[in-house]
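Peer 1: Let me begin by handing over the structure; questions about it come next.
The values are calculated or read from the model by the stated rules, or taken from the named source; none is laboratory data. The structure presented is a predicted model; accordingly, all values stated were derived computationally and were not measured. Note that each Cβ is placed from the backbone with ideal geometry, even for glycine, and that neighbours are counted across all protein chains shown. Accessible surface is based on the protein model in full, side chains and every heavy atom, while ligands, DNA and RNA are left aside. Shrake-Rupley method; radii C 1.70, N 1.55, O 1.52, S 1.80 Å.
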Amino acid sequence: HYRLLEQIESASTYIAMNLAEGKGRFSKKEFVQYCYISRGSLYETMTLLEIFRRKRSISDPHYSSLEADGIEIASMIKGLINSII
């Protein structure tokens, strides 16, 4: 259980960290690539949250709220990518 907590902490942190690193790159192409990596970290986070839900470590209503947040963040990342390309 502790390993899953470490994994979700890492994956969720990398969402923002990859966006920041991509912004610091020298080309739009690199920035977009880091946006895709960030989106991958978001989906990894959402998968881990689903695992926690199935293990009953988080409640269904709490998961639903986090899932809605994840969908919104995915939409924001997509919008960012579209504004770059």
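Peer 1: Can you tell me which condition Tyr36 does not meet? The list is (1) under 30 Å from Ser83 (Cα atoms); (2) among the aromatic types (Phe, Trp, Tyr); (3) free of Cβ contacts under 8 Å to residues at least 40 places away in the same chain; (4) open to solvent by 80 Å² or more (accessible area, probe 1.4 Å), and all the others hold.
Peer 2: Condition (3) is where Tyr36 drops out.
Peer 1: Further question on the same structure: What's the number of the only condition in (1) assigned to a helix (DSSP H, G or I); (2) open to solvent by less than 50 Å² (accessible area, probe 1.4 Å) that Leu5 fails to meet?
Peer 2: Here Leu5 meets the rest and fails (2).
Peer 1: Follow-up question, since we're still on this one. Could you list, in sequence order, the residues of region 29-47 that are within 14 Å of Asp69 (Cβ to Cβ) and not hydroxyl-bearing (Ser, Thr, Tyr)?
Peer 2: Those that are within 14 Å of Asp69 (Cβ to Cβ) and not hydroxyl-bearing (Ser, Thr, Tyr): Leu42, Met46.
Peer 1: With Glu67, Glu50, Glu72 as the choices, which residue is in contact with an Asp or Glu (Cβ under 9 Å, 6 or more places away or on another chain) and open to solvent by 50 Å² or more (accessible area, probe 1.4 Å)?
Peer 2: Within the list Glu67, Glu50, Glu72, the selection yields Glu67.
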